[in-house]
1. Is it true that A:Thr228 is within 14 Å of chain B (Cβ to nearest Cβ), touching a Gly at 6+ places or on another chain (Cβ under 9 Å), under 25 Å from A:Pro23 (Cα atoms) and buried (at least 23 other Cβ atoms within 10 Å of the Cβ)?
2. Say we look at the range A:362-373 and pick out the residues that are more than 38 Å from the chain's Cα centre (by Cα) and more than 12 Å from A:Gly435 (Cβ to Cβ); which of these is surrounded by the most Cβ atoms within 10 Å (Cβ to Cβ)?
3. Going through the range B:54-77 one residue at a time, which ones are among the small types (Gly, Ala, Ser), surrounded by 15 or more Cβ atoms within 10 Å (Cβ to Cβ) and out of contact with any Phe, Trp or Tyr (no Cβ under 9 Å at 6 or more places or on another chain)?
4. Can you find, within the range A:373-405, the residue that is farthest from A:Ala359 (Cα to Cα) among those that are at the interface with another protein chain (Cβ under 7 Å from one of its Cβ atoms) and hydrophobic (A, V, I, L, M, F, W, C)?
5. Tell me, please, whether a residue that is more than 14 Å from every other protein chain (Cβ to nearest Cβ) and either in contact with a Lys or Arg (Cβ under 7 Å, 6 or more places away or on another chain) or crowded, with 24+ Cβ neighbours inside 10 Å (or both) can be found in the range A:234-241.
6. Which residues, taken from the range A:133-158, are closer than 24 Å to A:Gly107 by Cβ and not in a strand (DSSP E or B)?
7. I'm checking my understanding of the structure. Among residues of the range B:16-53 that are crowded, with 17+ Cβ neighbours inside 10 Å, without any contact (Cβ under 8 Å) to a residue 60 or more places away in the chain and more than 11 Å from chain A (Cβ to nearest Cβ), which one is nearest to B:Leu106 (Cα to Cα)?
8. Would you please name the residue that is nearest to B:Thr63 (Cα to Cα), looking only at residues in the range B:17-36 that are under 15 Å from the mean Cα position of the chain (by Cα) and not small (Gly, Ala, Ser)?
Amino acid sequence: MHTEIRDPMASRFPLGEPKGLKPLYVGCATGFSGDRTDGAGPVVDALIALGGGVLNFETLAERTLALAQLEKRKNPALGYEPLLDDLVGPVLKRCLDHNIQIVSNFGAANPQACAQRIFALARAQGLRTPRIAVVHGDDLTKPEQLTFLLKRLGSDIDPKRVVSANAYLGAGEIAQALKDGADIVVTGRVSDPSLTLGPAIAHFGWSMQDWHLMGCGTMAGHMLECGTQVTGGYYSVPGQKSVPGMDCIGFPIAEIRADGTFSVFKAANTGGRVDDRTGREQILYEVHDPARYLTPDVVADITQATITREGQDRILVQGITGHQRPDELKVNVCYDNGYFAEAEISYAGFQAKERAALAGETIRKRIGHLLPLRVDLIGALSIFGDDAGELMAQGYAGASRDVRLRVAGVHLQKEIAEKILREVTALYCCGPAGGGGVRTSLRPRLDTLSCTIPREAVPSGFSFVQEQRA
Amino acid sequence: MNTNNSANTVELPLYQLAHGRAGDKGNTSNISVIAWDSACFALLVEQLTEARVAQWFAYRHPTKVTRYVLPKLEAMNFVLEGVLDGGVNDALNLDTHGKGLSFWMLDLPITVPTALAATLEVKEYN
């Protein structure tokens, strides 16, 4: 890690000096790009009442960054989180006024432009100029980097087809930027939990070689990174696992202590539910081996973790530890890979499922030799089935009088993929009887390759950004 | 408890003994199975084996199924490799992430002693 420009403004947290044993409060107001944008308000109110803290926005799923790169290609001033104004605008003043640092990967493919947009938001609201640090180095799309990556991947795809290539950075740059006095840290691709671990390292002065604490802070971030998934969102099953206030679920806040234990709760006057059950669903979410949850910062270990209720909508998480971080960093390479086509048409009433199935068979006979097709009978069988149609062939689809046929396929050539759209549309006249409500869509398909590379190949760092006035 | 004598047991879907959530990474799905209570957990450790889960998902041709048991959470984590038709970028499924696969898992039948079964009717858990 290296820093290019140090902010001349003196740091709030002098280098290496722990801020003390007061807990750190970290709230997370989005779990992905596309999440609700009104979650931050109650979280910020809670953080103010607690005397300050850190606000995370997690906005980068695997594909999001590639889509952002495509935006940046069209307009070099874009390529960051498209809903940035809605996320940051309503809470920027309160964050700057109340010692709440914002740490987010909403920089996506263009963290510099993202920082400039935040300056503009602050100026429009008459606020002081925030100190914004931008983390760089995750983007590996320089020609020599791509050559290296594709060789590493053993892939022979044309580098021109690569849309994005990003390493998952860790918490180090975020921590140092906060120690140096950043109000806001904007990143591109970092490991999601690093958005929380970085502030904890800065706050407590944790050593980044203390694997136990790195494991604890990482799992605190893991609990937060999907937003409401830990506060009752994505939990509800009516009649069995009910969650109050699904329309206004509170986003989560962690109280992290110097010893690495932490509690998770939600803001007052919000819907949702935080208990050992919602906590257990989230702690295992997207985990494989619970003894080896890999991030750039640590190999976290939750095999001895416990989650207990501490009060209404509040849990205590203990027993987490960690092991030495992986030697290499994970890289995702996203590339153009043809076109994805899907088209749907509905059948209802007498013999609805049979008519939909006949329509599917008809399309298979006409274009099934050109590309592999997936045929779903939405309302009878669509989600559990596999692409090969094995479950459908076993007769799993139930009886239904309201069925929507869906045909999907991919092809490198646009005109071949487009045939799915044309064939489903033609069912309007060619039948079977009573088909209606055709909708079609054709979009470029992005594919991802993953590998790991040595840390030395990823020149990461951060810098404080100056406002550029037009 | 006798789980072998069919007169004293009944088959219940897994969702009456546990809840869970599916996550994806590439072509691999992980599905957590979290017991409603300790008695359920003990039964699940015994019956919800890697082989049983592999068989339940056979139509998706998992290349490998691994079970991780977390006694302190009274939970298990199943990692099913190769079941997502290539994953979020490759699959033609509407649900490319396999988010719904936890509910396929939760239909799996478990043999439950009648006395325990009487306490496991679908109800609100608080």
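Only the coordinates and a few stated rules stand behind these numbers; no lab work does. Since we're looking at a predicted model, the values are computed, not measured. Note that each Cβ is placed from the backbone with ideal geometry, even for glycine, and that neighbours are counted across all protein chains shown.
1. So A:Thr228 passes the test.
2. So, considering only residues that are more than 38 Å from the chain's Cα centre (by Cα) and more than 12 Å from A:Gly435 (Cβ to Cβ), the one surrounded by the most Cβ atoms within 10 Å (Cβ to Cβ) is A:Arg366.
3. Scanning the range B:54-77 gives a single hit, B:Ala54.
4. It comes out as A:Phe384.
5. Within the range A:234-241 (the criterion being more than 14 Å from every other protein chain (Cβ to nearest Cβ) and either in contact with a Lys or Arg (Cβ under 7 Å, 6 or more places away or on another chain) or crowded, with 24+ Cβ neighbours inside 10 Å (or both)), the answer is no, since none of the residues qualifies.
6. A:Gly137, A:Asp138, A:Leu140, A:Thr141, A:Lys142, A:Pro143, A:Glu144, A:Gln145, A:Leu146, A:Phe148, A:Leu149
7. Restricting to residues being crowded, with 17+ Cβ neighbours inside 10 Å, without any contact (Cβ under 8 Å) to a residue 60 or more places away in the chain and more than 11 Å from chain A (Cβ to nearest Cβ), the top hit is B:Val53.
8. B:Asn30
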